[in-house]
Amino acid sequence: MNSLVISNIRQRPLRSTISVIGVSLGVALVMLFTGVARGMSNDLQRRSSNMRAEILFTRPGSIQINTSSTNLSTKYVERLRQIEGVESATPVIRYFYPSGSFGVDQIEGVEWNDFAKMNNVRLVQGREPRQADEVVIDETKAARKHPVGSALKIFGEKMYRVVGIYAPESGARAKLTLASLQEILEAPGKCTYILVKVKNPNDQVAVARRIDQELPGNKVQFTRDVFASIESSIPSLGIFLRVLVGLAAVVSALVIMLAMHTTITERTREIGILKAMGASRRYIISEIEREALLISAMGLVVGFALAAAAGFFIHKTTSLIFEFGWGWALTAALIGLLGGALGAFYPAIRAANLDPVNALAYE
């Protein structure tokens, strides 16, 4: 039985190869989009978890996913430091710009000594930025051929000199001085938000309430809530991923259906011979379904290989992070197999219902 299925696939290598590629593309698309979403979300959470400040003070609407504004006066820093329970406060500019290769990248302007002390960030190589054309980066970005002393292109065209590498990664991977980014954005005395560290982390709720009372009209948030996962920050992303999964299933089913339908037309006489020899409808349907499932299984292997290769390329050449998720891998596998089985069902029923006399006379 199985030898007959394999022989049928070998007899039509081009059609079988095209069918395998069609299934693999659907699987690869599911793995790529979900892998990038998962990777970017986990990367954002890892970097935000390294921020030791408990409170983020900003203006309403200043921080959104992939966008931020610089409309908060840095004069609030001194006022925040005077509030009871506050240990320290430091201003930060977060700015997004086109990465030049894919999507957007971000950079931060900080007062390095205050920022590093507050968040337990240390320089593992080099020194802090002092001049307008100097930048420090984290170890992940440095591993992408950006050692100390190298030139780094930021904002798509301007070159900056890497003067230091810091760890652990926290916030944006590249950091300029606050003054230099203020000058670039033409926003003197402004920042995006102010990080506030409290003396006793257990009192952060009371301190946040005190800040809100003394500096009304601003927005006081906890850092643990601001830097949420991408999936929860963009509600439509979940819908997009589900639609993508559905489209992948439809593509897999249509590819298999077309291949099986054409194959059955070519094998009409062969099916007639099988029925004349006593083959039952169930036997014919099972043979066609086995062939479709084998093609789908090969498509899964090729699809996972394509996704892994594409994910590695994305990770090495762009700022995007790619991570496989076993849950989505299982979903992709079910899509490929169920799509193949459902796509082959109609051609299988059609083949099983062929009249053996007419099938034997088919030319």
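The values are calculated or read from the model by the stated rules, or taken from the named source; none is laboratory data. The structure presented is a predicted model; accordingly, all values stated were derived computationally and were not measured. Cβ atoms come from the backbone with ideal geometry, glycine included; neighbour counts cover every protein chain shown. Surface areas here come from the heavy atoms of the whole protein model, side chains and all, with no ligands, DNA or RNA. Shrake-Rupley method; radii C 1.70, N 1.55, O 1.52, S 1.80 Å.
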>> If a residue must be out of contact with any helix residue (DSSP H, G or I) (no Cβ under 6 Å at 6 or more places or on another chain) and either among the acidic types (Asp, Glu) or at pLDDT 90 or above (or both), how many such residues does region 121-146 contain?
In response: 17
> Does any residue of region 158-177 turn out to be open to solvent by less than 10 Å² (accessible area, probe 1.4 Å), at pLDDT 85 or above and touching a Ser or Thr at 6+ places or on another chain (Cβ under 6 Å)?
Replying inline: yes
>> When the residues of region 121-177 are narrowed to those that are among the polar types (S, T, N, Q) and part of a loop (DSSP other than H, G, I, E, B), which ends up nearest to the chain's Cα centre (by Cα)?
In response: Ser170
> Restricting attention to region 149-188, which residues are touching a Lys or Arg at 6+ places or on another chain (Cβ under 9 Å), free of Cβ contacts under 8 Å to residues at least 24 places away in the same chain and over 13 Å from Ile107 (Cβ atoms)?
Replying inline: Gly149, Ser150, Ala151
>> Return the residues of region 302-318 that are open to solvent by 40 Å² or more (accessible area, probe 1.4 Å) and under 16 Å from Leu334 (Cβ atoms); say none if nothing qualifies.
In response: Phe304
>> Under 8 Å between Cβ atoms, which residue pairs at least 6 apart in sequence (or on different chains) link something in region 203-215 that is in contact (Cβ under 8 Å) with a residue 60 or more places away in the chain and open to solvent by 10 Å² or more (accessible area, probe 1.4 Å) with a partner that is acidic (Asp, Glu) and outside any helix (DSSP H, G or I)?
In response: Gln204/Glu54; Arg210/Glu84
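Condition check ((1) closer than 15 Å to Arg12 by Cα; (2) open to solvent by 40 Å² or more (accessible area, probe 1.4 Å); (3) modelled with pLDDT of 75 or more; (4) not hydroxyl-bearing (Ser, Thr, Tyr)) across all residues:
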{"residue": "Ala253", "(1), (2), (3), (4)": "no, no, no, yes"}
{"residue": "Met257", "(1), (2), (3), (4)": "no, yes, no, yes"}
{"residue": "Thr265", "(1), (2), (3), (4)": "yes, yes, no, no"}
{"residue": "Met277", "(1), (2), (3), (4)": "no, yes, yes, yes"}
{"residue": "Arg282", "(1), (2), (3), (4)": "no, yes, yes, yes"}
{"residue": "Ile285", "(1), (2), (3), (4)": "no, no, yes, yes"}
{"residue": "Leu293", "(1), (2), (3), (4)": "no, yes, yes, yes"}
{"residue": "Leu300", "(1), (2), (3), (4)": "no, no, yes, yes"}
